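Student: Just passing along the structure, written as structure tokens.
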Amino acid sequence: MADLAIKSPEMLDEVTPRLVQGNSTYRSLTEDISRIVEKGTPIQWWMAFLPSVAIAGMMFAMLGYLVITGIGVWGNNSPIGWAWDITNFVWWIGIGHAGTLISAILFLFRQKWRTSINRAAEAMTLFAVACAAQYPLFHTGRPWRAIYWLFPLPNTDLNMWQNFRSPLEWDVFAVSTYGTVSALFWFVGLVPDLATLRDRATGVRAYVLGFASLGWRGSARHWRHYEMAYLILAGLSTPLVLSVHTIVSFDFAVSLIPGWHTTIFPPYFVAGAIFSGFAMVVTLMTVARWSLQLQHLITTKHLENMCKVMLATSMIVGYAYGTELFIAWYSGNPYEQFAFANRALGPYWWSYWAMVSCNVITPQIFWFKKCRTSVPIMFVASIFINIGMWFERFVIIVTSLHRDFLPSSWGYFRPTYVDILTFIGTMGLFMTLFLLFIRFLPVIAISEVKGVLAQEDHVTKHGHGAHH
Amino acid sequence: MIEYATIEHTRESWRLDEAVWTRVRNVIAFLMLLGWAGCAAGFFQDSERFFRSYLVGFLDVTLIALGCLFFVMVMYLTGSAWSVTVRRIFETIMVTIPLAAVLVLPILGGIHHLYEWSHSEHVAHDKILLGKAGWLNPEAFVIRAFVYVLIWSVMAIRIYTNSTAQDKTKSVKHMDSTSAWSAPGLLLVFLSVSTAAFDWIMSLNPHWYSTIFGIYVYAGGGLACIATVTVICLWLRRHGILAQSIHLEHYHDLGKWMFALTVFWAYIAFSQYMLIWYANLAEETVFYTKRLVGSWKFVSGLLLFGHFIVPFFFLIQRRVKRNLGALLAAALWILVICYIDLYWMVMPNFDKEGVRPHWLDAVAWLAVASTYAFAFWWQLKKHSLVPEGDARLEQSLAHVNI
């Protein structure tokens, strides 16, 4: 049986490629990741940060204009009462899902490759939720009163009580739970790394980091509690990956509108969310690993795995598109048939085909290893997927609404400049938060990558079966 | 306390003992005879009923084999290490799928008894059925059935031969080849199982439609397949076979999968039910109103509790997943409830007043199950019980849940 034993690192790579490369040691890992936040601010960071802040500022200006003037500044009309606002809401919420999937579900599935990307992906989750939250909040027109519309709080001036039968109300709870648990999960994971930074810092910085790391000393007892807390949070986050986008899909699917009401929506939305989230992670991480020189930690193997996940989720989404079309025909229901013919061939045909070509056709390149391992190719493809997933929501929302049951009330939606600038503005907000994150916090989970390094060291030195 | 085996440790138990094998083969052969004789008798006594009962039995066991096909492909694609020692059991169930080409024949033969859309004179008066006659017509139905089985068989045989070849060559090239087959295979198999679910089950009520239906059916098949593998492994263990290669840690993981798929099934079932209930469109709610008539409403309630609530609270406990007796009980219960689920999908289309159990239900299931079991048992003896050439075998033997 000798030929089965894995004796050299090269043999291990053949079966399970190593996830930490470049002769890293525990010390060099700490050094490589901590140095990013410890050294002086590079000029490139400012070059990215200042425009992002300006764009985010534009979003706030647009939202201010909206509050002063009214929702009419958006292009929404009758019958298209929901347009870019909810398209962007769903798009942003979806992007968050990759973070939770990577940190929670891949943790339960013992996928070690998650360790280099989970921290950044989870940060993206939080920032994406923050961007998404703008839309329902400001669509109320009076965001300072939204708390009474959204939450069941006693109030005397509005005499308001929520409609608990509405999935929009379920959304309030789903998204706020998701945001809370994701933030907790992210913070718990950060604690040991914050302590690492604290131990290297002096002065005020050491004090702040000491406060944030909750007195972490790295004792065996601390680790035991930490591992348990991490597992419980992973267990709690796993249903959240499914529930949030499921409830978002209910916003549409509980209605009677052809194109919205179909039973496949919940799993289809979840798969789409993970798909778009991974695309965003690839877009940002390919840039981040290059600019922060982390290629030996976020390796080609990590990127290749993400491409595989994108391919798989793209096929699930494609399966849903196909099933919807087939069942629309099969149902024999003229309204269903019209809705889908109108999607593909009606006035918004371009958005439907943009969606299909970005979401189903583009990811087919990932069948080829060459494309899965080429950073420029996956970067471009991930941008296409981001665009395609935006179009998917646009197609579902706008094309289903614009021609309702009465031809006399058909309409067409055109975005106003406020729609467009608000959307671009949320990207500025997202980038601002993300840049702050990579500037001040360890972008890779140091302690978790060390765990992987320990295991890989062990396997190559002692063979697979030897531990335990 | 469990023993963590090394390869040398477990070497002796990777082959089936001749005496045990023959005894079991004889039992299965006897059950097969009994099943098919009963089917023949039932066919002459009440052919209508025979086809219905047979359909449920055929779907139940075929979906288990298809569930195994799905999981084996996923194991290869994800590079799963824990599952290596149980994988041969999955693979051997999976490779019985070509039998479906023969076992599906009674359904194709009974098409006029089962599917109202197969009567052209009936379709001629129904505008909606006329509209879908391009899909729902006997010729296309038969052709599609064989295409499905062909896809499943090609994939299953390809993966199985690769895996068994690796036993001897111990080369990772077989593993890579299977992974390469599994990626498009997963897509093709999922698509064909969904359309098979549309054809064989959904079209029993040809006016009704639900886009999630294929996923619903396959979710049940996946769950039943993990339960089947668990039961088989525990039976082998009782006879001292694979007792060290498949140890507590593997059972714990099989238990986790049963839990996960119970939740997934419930998620899909809830999505379908809630959306149809909420929209309250007559053409969709007909599926559920049929299943809330008479005693069917108790079966519907049984699914809610027996397919979700009870197994959920049972299997969520770590100590249950690590107690082999409790795990066996859970697996057996899941097999029963998955059968009831299919029964509940098929029978209310015919027994409109309420549940009408029939001896043919049991006999038809026995015939199909024992036939698949016979092929499984025959095949199991041909190769090692564990994929001994797999590069991740040692990792799997040493697997521990933290």
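The values are calculated or read from the model by the stated rules, or taken from the named source; none is laboratory data. This is a predicted model, so every value here is computed, not measured. Because the Cβ atoms are built from the backbone with ideal geometry, glycine has one as well, and the counts that use them run over all protein chains shown. What goes into the accessible areas is simple: the full protein's heavy atoms, side chains included, and nothing from ligands, DNA or RNA. Shrake-Rupley method; radii C 1.70, N 1.55, O 1.52, S 1.80 Å.
Student: What shape does the stretch B:68-174 take by its C-alpha gyration tensor, where a ≥ b ≥ c are the square roots of the eigenvalues and a/c under 1.5 counts as rounded, a/b above b/c as prolate, and the rest as oblate?
Tutor: It is prolate, given that a/c is not under 1.5 and a/b is the larger ratio.
Student: Another question, then. Quick check on the protein assembly as shown: take the gyration tensor over C-alpha atoms, sort the square-rooted eigenvalues as a ≥ b ≥ c, and tell me if it's rounded (a/c under 1.5), prolate or oblate.
Tutor: oblate
Student: Another question about this same structure. The stretch A:264-337 to the stretch B:152-208: how many Å between their Cα centroids?
Tutor: Cα centres, the stretch A:264-337 to the stretch B:152-208: 22 Å.
Student: Let me ask another. When the convex hull of the Cα atoms of chain B is projected onto a plane and the area is averaged over all directions, what value comes out in nm²?
Tutor: Average of the hull's projected areas for chain B equals 19.6 nm².
Student: Moving to a separate point now. Taking K and R as +1 and D and E as -1, what net charge do the other residues with C-beta under 13 Å from the C-beta of residue A:256 add up to?
Tutor: -4
Student: Would you please classify the overall shape of the stretch B:107-257 from the alpha carbon gyration tensor, given that a ≥ b ≥ c denote the square roots of the eigenvalues, rounded means a/c under 1.5, and beyond that prolate means a/b larger than b/c while oblate covers the rest?
Tutor: Since a/c reaches 1.5 and a/b is larger than b/c, the shape of the stretch B:107-257 is classed as prolate.
Student: Could you give me the ³J(HN,Hα) list for the stretch B:322-338, computed from phi with Karplus coefficients 6.51, -1.76, 1.60 and θ = phi - 60°, whole Hz, x at Gly and Pro?
Tutor: Ordered by residue, 3J(HN,Hα) equals 9, 10, 5, x, 5, 5, 4, 4, 4, 5, 5, 4, 5, 4, 5, 6, 5 Hz.
Student: Between residue B:180 and residue A:156, what is the FRET efficiency for a Förster distance of 41 Å, r being their Cβ-Cβ separation, to the nearest 0.05?
Tutor: Calculated transfer efficiency: 0.05.
Student: To make sure I understand the rule: partners must be lysines, Cα under 27 Å from the Cα of residue A:369, and not fewer than 8 residues away in the same chain. Which ones qualify?
Tutor: A:7, A:112, A:301, A:308, B:170, B:173
Student: Would you tell me the accessible area of residue A:228, worked out with a 1.4 angstrom probe on the heavy atoms of the protein chains, in Å² to the nearest 10?
Tutor: Near enough 110 Å² of accessible area.
Student: Could you tell me the distance between the Cα centroids of the stretch A:179-231 and the stretch B:19-78, to the nearest Å?
Tutor: Taking the Cα centre of the stretch B:19-78 as reference, the centre of the stretch A:179-231 is 56 Å away.
Student: Roughly how many nanometres apart are two label points built 7 Å out from the Cα toward the Cβ at residue A:224 and residue A:373?
Tutor: Spacing of the two 7 Å Cα→Cβ label points: 4.4 nm.
Student: If you take the Cα Rg of the stretch B:336-402 and divide it by 2.2 N^0.38 Å, with N the number of residues, what do you get?
Tutor: Normalised Rg, Cα atoms only: 1.84.
Student: Over chain A, what is the relative contact order in whole percent, taking alpha-carbon pairs under 8 Å and six or more residues apart?
Tutor: So the answer I get is 32 percent.
Student: Explain nothing, just compute: Karplus ³J(HN,Hα) = 6.51 cos²θ - 1.76 cosθ + 1.60, θ = phi - 60°, for every residue of the stretch A:393-404 in order, whole Hz, x for Gly and Pro.
Tutor: Karplus values, whole Hz, x for Gly and Pro: 5, 4, 4, 4, 7, 6, 5, 6, 8, 6, 10, 8.
Student: Within straight cross-link reach of residue B:290, meaning Cα distance under 19 Å, which lysines are found once same-chain residues fewer than 8 apart are removed?
Tutor: In chain and number order, the partners are B:352.
Student: When the Karplus curve 6.51 cos²θ - 1.76 cosθ + 1.60 is applied with θ = phi - 60°, which whole-Hz ³J(HN,Hα) does each residue of the stretch A:45-57 get, with x for Gly and Pro?
Tutor: Along the stretch A:45-57, the couplings run 5, 5, 5, 8, 6, 4, x, 4, 5, 4, 5, 4, x Hz.
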